[in-house]
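Worksheet: the structure to be examined is printed underneath.
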Amino acid sequence: MPSQRPSKTACSLPPLGMDASSLCMDTRHYLLRTLGAEESVSSGNSVYTALAMSLRDRLIERWKNTQKKVAAENGKRTFYLSLEFLLGRAMGNTLLNLGLEDAARDMLTQEHRKLADLLEVEPDAGLGNGGLGRLAACFLDSCASLGLPVTGYGIRYDYGMFRQEIRGGEQLEEPDHWLKNGYPWELKRPERVRRVHFFGRSDTYYDAHGKMRQRWVDTHDVLAVPYDIPIPGYRNDVVNTLRLWRAAATDIFDLGEFNAGAYPEAVAAKNSAEHISMVLYPNDSSENGKELRLRQQYFLASASLQDVVADWVAVHGENFRDFAKHHCFQLNDTHPSCAVPELMRLLMDEHDLNWQDAWNITSHTMAYTNHTLLPEALERWSVRLFRQLLPRLLEIILEINGRFLQEVARRAPGDTGLLRRLSIIEEGGEQMVRMAHLAVVGSFSVNGVAALHTKLLCEELFADFHHLWPKKFNNKTNGVTPRRWLQWANPGLRDLITERIGPDWKYDLERLRDLAAAADDAEFRKRWAEVRRVNKERLVALVHRHTGVTFISDALVDVQVKRIHEYKRQLLNALHVIHLYDRIKRGEAAGVTPRNVLFAGKAAPGYFMAKRTIKFINNIAHVINHDPDTEGLLRVSFLPDYRVSLMEQICAATDLSEQISTAGKEASGTGNMKFMMNGALTIGTLDGANIEIRDAVGPEHFFLFGLNAQEVSQLRGHYNPQIYLQADRDLQRVMDLIQSGYFNAFEPGIFDPIVHAVTHPQDPWMVLADFTSYKLKQREAAELWHDQTEWQRLSILNTAASGVFSSDRTIAQYNADIWHLKPLVMTP
Ligand SMILES: *Cc1c(COP(=O)(O)O)cnc(C)c1O
């Protein structure tokens, strides 16, 4: 017998090299042979794309191995359903998590290019509004880094969060066409397309066994085409998946209702199908109730559940007995909560399960995360709209509600008030579907996102549900990924920390505790301050480049960056800035600590007060920055287009983090955690995770001010802003200055709505109530700034205490209490 030889065409691929020269070969290959770039004139853009393709190869290699491992283990998996994933840039994160940063830097140095320049080519993937969307992105990073088999499901919006420009001090919204140069980090999966139904009606029929069943007929269908983005874990060879759905028309030439003469109408119908994934709704913490938004929500829920169910059937056939043991669906707010009735529909209508079996599965696989107590953010859809758009789903929701209310009536006979309060359908006026009630009834777990938030959920918003099912409710305090928000955003600090305490903290952020001792080491403090100074120089340059404002060097950097919303109280900060200016103008310059105040954030395009607040801040900044008396004392800037890649630079350079929401209104906050991790001190109210930040670092190392949540709620109904005005001469002067038109000399009256809002007894945010204590606490912070030894000591202690705010801790808790997944261990 001749020796075995491989067939002529078979070949196997060697593993890809992880060194600079392998990366260089591959990048050249893509640049010259795939993109066909001319070497001498190749733009940063094509080099970026070529490097991205080389990195993607290395991701895909690990991705395939992870998928094989997940299939072989056949264990439980979690699916994270979210209308938002605020990913930011991918290249830096990929380099960091794969351990290729030095290799890429070396390779580019040889090409006389700078990695930093290349990274700037990448647009942010801005598929989210703010905290909720960024949380989903941090969670995916932590799941992969902990080796948990978790898949994200979302929508591939053609246009993400709008780009904000500032003209004449006002916000202009520009569309964010983030895909215009292609997106090298995704793979289209046309073979896994799904079909999503809309409109039509529910039909009763008898199947082959004579059993009465329901089916959804005469539907208008939309295709859901998946695009997969790899989510690498931190140096563990795990690569999970974020699957984003794009809407596509079903075959446009197959539309029976259009005759040959209606070709343009047929093409227009294609357009209207594709509108579903066209644009992200830019509302944060408020709902706008547009039909297209409900379409997006159902589109995501249906495509994702069909995907998971199809995979199950491919392996197990129509036997769903163990389905719940193998699956968990985590709902990021109520946005994807159509998943509850949709899973019921798929199991009953498409897979012939009876109600009870389908309900057992659904209510043992769904878990719901609540993100807000604000009534204006609680989603409700009219029954009428539901009936028209999703008739079969409405039928199922009404059945879920009927059975639920029967159970309640059994447990609390005669309590009709309770039935009315608990019902998924809100009565009186137009009937509405309360999505939060649907999510609570349909889930085995309901969690809040910080200790106070969860407590208020149980005692207020969901008090009746909590009484009914106390064990359903649990807290999972948010976190942020220390890879992006410390290691990547602040390499100087990362290396200094590692030099001091070794590298273990990169795998267990609680180890940052070991830094606390270094706070008393003068030499270490000096180096800590030096790293932060370099970061600040970079931020000062950025602010100058984008706004023309020259920040004062070595002055306190005081930062409030987040969505613009009345509850976050940018106005309180703005009033304080005016107060500082007033002190300078009245001759107290000697007592004012030099300070740079930075604002950034987007306002929802339809949110009048938020947009007016942006204008207010810009006008204040203009007056202050152009007044020679403020030279070297006070600078104010509004940085346009706040986004993830900006926050990476901002959080590493901030001295004082402004977390000043009205107590009880900010569910958690995560910006607060990014700042703390990077050594900022916090001035804040007892709200959201601020409370836990203060507990972690110690109350003496946190600038606390303002009413607490209980005091806010007790004051409601007899709040009188005049009392606070009369009691604080400084506040009176600030209001007088505003009302005199000092900041709007050529735009009369434009700030009247702001004055009116904060002086109104119905001001829900109680801005003036907290002004005096805020002012005093700011003065304390300013005084501490003069003692740089003490300030740097507290800065180090803040970082040292920030380990608990790693999203690795959050995800470990989700897994221990809700998901129960077995971590994957990849063997090379
Ligand atoms: C972290 C982050 C947020 C959330 O900030 P909060 O202060 O918690 O509201 C919003 N947007 C971006 C871009 C972020 O990085």
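The values are calculated or read from the model by the stated rules, or taken from the named source; none is laboratory data. Note that the structure is predicted; figures quoted are calculated from it, not measured. Because the Cβ atoms are built from the backbone with ideal geometry, glycine has one as well, and the counts that use them run over all protein chains shown.
Just a few scattered comments:
- Number of the condition not met by GLN171 [criteria: (1) surrounded by fewer than 15 Cβ atoms within 10 Å (Cβ to Cβ); (2) within 16 Å of the ligand (Cβ to nearest atom)]: (1)
- Hits in segment 357-394 (condition: surrounded by fewer than 18 Cβ atoms within 10 Å (Cβ to Cβ) and touching a Pro at 6+ places or on another chain (Cβ under 6 Å)): none
- Close pairs from segment 809-828: first in contact (Cβ under 8 Å) with a residue 24 or more places away in the chain, partner hydrophobic (A, V, I, L, M, F, W, C) and in a helix (DSSP H, G or I), Cβ under 7 Å, at least 6 apart: ILE811/PHE139; ILE811/CYS143; LEU824/VAL70
- Matching residues in segment 674-700 - criterion: being crowded, with 18+ Cβ neighbours inside 10 Å and either free of Cβ contacts under 8 Å to residues at least 24 places away in the same chain or more than 27 Å from the chain's Cα centre (by Cα) (or both): ARG694
- Qualifying residue in segment 312-325 (condition: crowded, with 21+ Cβ neighbours inside 10 Å and in contact (Cβ under 8 Å) with a residue 60 or more places away in the chain): no
- Number of the exception - LEU634 against (1) over 25 Å from ASP763 (Cβ atoms); (2) of a type outside the set (Gly, Ala, Ser); (3) crowded, with 24+ Cβ neighbours inside 10 Å; (4) touching a Gly at 6+ places or on another chain (Cβ under 6 Å): (4)
- Single match in ILE564, ILE497 (criterion: within 16 Å of the ligand (Cβ to nearest atom), of a type in the set (A, V, I, L, M) and at pLDDT 95 or above): ILE564
- The conditions of being within 16 Å of the ligand (Cβ to nearest atom), of a type in the set (D, E, K, R) and either touching a residue at least 12 places away in the same chain (Cβ under 8 Å) or out of contact with any helix residue (DSSP H, G or I) (no Cβ under 9 Å at 6 or more places or on another chain) (or both) are not met by ASP520.
- Matching residues, segment 514-572, being farther than 25 Å from LYS611 by Cβ and among the small types (Gly, Ala, Ser): ALA516, ALA517, ALA518, ALA519, ALA522, ALA529, ALA541, SER553, ALA555
- The lone exception for LYS585 - which of (1) farther than 20 Å from ALA489 by Cα; (2) basic (Lys, Arg); (3) within 16 Å of the ligand (Cβ to nearest atom) it fails: (3)
- Candidate set: segment 472-526, residues that are crowded, with 19+ Cβ neighbours inside 10 Å and of a type in the set (Val, Ile, Thr); chosen: the one nearest to TRP791 (Cα to Cα): ILE497
- Flag for ASN535 being away from the ligand (no atom under 16 Å from the Cβ), assigned to a strand (DSSP E or B) and at pLDDT 95 or above: no
Residues are listed down the side, and each one gets a yes or a no for (1) within 30 Å of GLU350 (Cα to Cα); (2) assigned to a strand (DSSP E or B):
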position	(1), (2)
ALA136	no, no
SER142	no, no
GLY152	yes, yes
TYR157	yes, no
ASP176	no, no
GLY182	no, no
GLU191	yes, no
HIS197	yes, yes
THR204	yes, yes
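- Tabulated pairs, segment 124-141, first farther than 12 Å from SER82 by Cα, second of a type in the set (Ser, Thr, Tyr) and near the ligand (Cβ under 8 Å from one of its atoms), C-beta under 7 angstrom, 6+ apart or interchain: GLY131/THR670
- Just one of (1) touching a Ser or Thr at 6+ places or on another chain (Cβ under 7 Å); (2) among the small types (Gly, Ala, Ser); (3) under 30 Å from ALA519 (Cα atoms); (4) away from the ligand (no atom under 11 Å from the Cβ) fails for GLY688. It is (4).
- Selection status of GLU666, under 21 Å from the mean Cα position of the chain (by Cα) and within 10 Å of the ligand (Cβ to nearest atom): yes
- Residue within segment 46-54 that is in contact with a Gly (Cβ under 8 Å, 6 or more places away or on another chain), touching a residue at least 60 places away in the same chain (Cβ under 8 Å) and either of a type outside the set (Ser, Thr, Tyr) or in a helix (DSSP H, G or I) (or both) present: yes
- From GLY147, GLY133, residue being touching a strand residue (DSSP E or B) at 6+ places or on another chain (Cβ under 6 Å), at pLDDT 95 or above and small (Gly, Ala, Ser): GLY133
- Residue match in segment 809-821 (condition: surrounded by fewer than 15 Cβ atoms within 10 Å (Cβ to Cβ) and either under 27 Å from LYS568 (Cα atoms) or touching an Asp or Glu at 6+ places or on another chain (Cβ under 6 Å) (or both)): no
- Given (1) touching a residue at least 24 places away in the same chain (Cβ under 8 Å); (2) under 27 Å from ALA450 (Cβ atoms), number of the condition PHE386 does not satisfy: (2)
- Candidates GLU399, GLU427: the one that is under 26 Å from VAL196 (Cβ atoms) and of a type in the set (Asp, Glu) is GLU399.
- Which listed residue is under 19 Å from VAL540 (Cβ atoms), among the β-branched types (Val, Ile, Thr), within 14 Å of the ligand (Cβ to nearest atom) and in contact (Cβ under 8 Å) with a residue 12 or more places away in the chain, from ILE660, ILE650: ILE650
- For beta carbons closer than 7 Å, sequence separation of 6+ or different chains, a first residue in segment 79-108 that is on the phi > 0 side of the Ramachandran plot and touching a residue at least 40 places away in the same chain (Cβ under 8 Å) and a second that is within 16 Å of the ligand (Cβ to nearest atom) and assigned to a strand (DSSP E or B), the qualifying pairs are GLY88/ALA125.
- Tallying residues that are more than 30 Å from LEU385 (Cβ to Cβ) and assigned to a strand (DSSP E or B) within segment 206-221 yields 1.
- Count - residues of segment 626-647 that are in contact (Cβ under 8 Å) with a residue 40 or more places away in the chain and assigned to a loop (DSSP other than H, G, I, E, B): 7
- Meets criteria (more than 15 Å from the ligand (Cβ to nearest atom), assigned to a loop (DSSP other than H, G, I, E, B), farther than 20 Å from TYR183 by Cβ and of a type in the set (A, V, I, L, M)) for LEU108: no
- Strands (runs of 3 or more DSSP E) contained in segment 374-453 and holding at least 3 residues closer than 30 Å to CYS138 by Cα, modelled with pLDDT of 95 or more and more than 31 Å from the chain's Cα centre (by Cα): none
- Residue match in segment 699-707 (condition: touching a Phe, Trp or Tyr at 6+ places or on another chain (Cβ under 8 Å), closer than 25 Å to ALA769 by Cα, at pLDDT 95 or above and within 16 Å of the ligand (Cβ to nearest atom)): no
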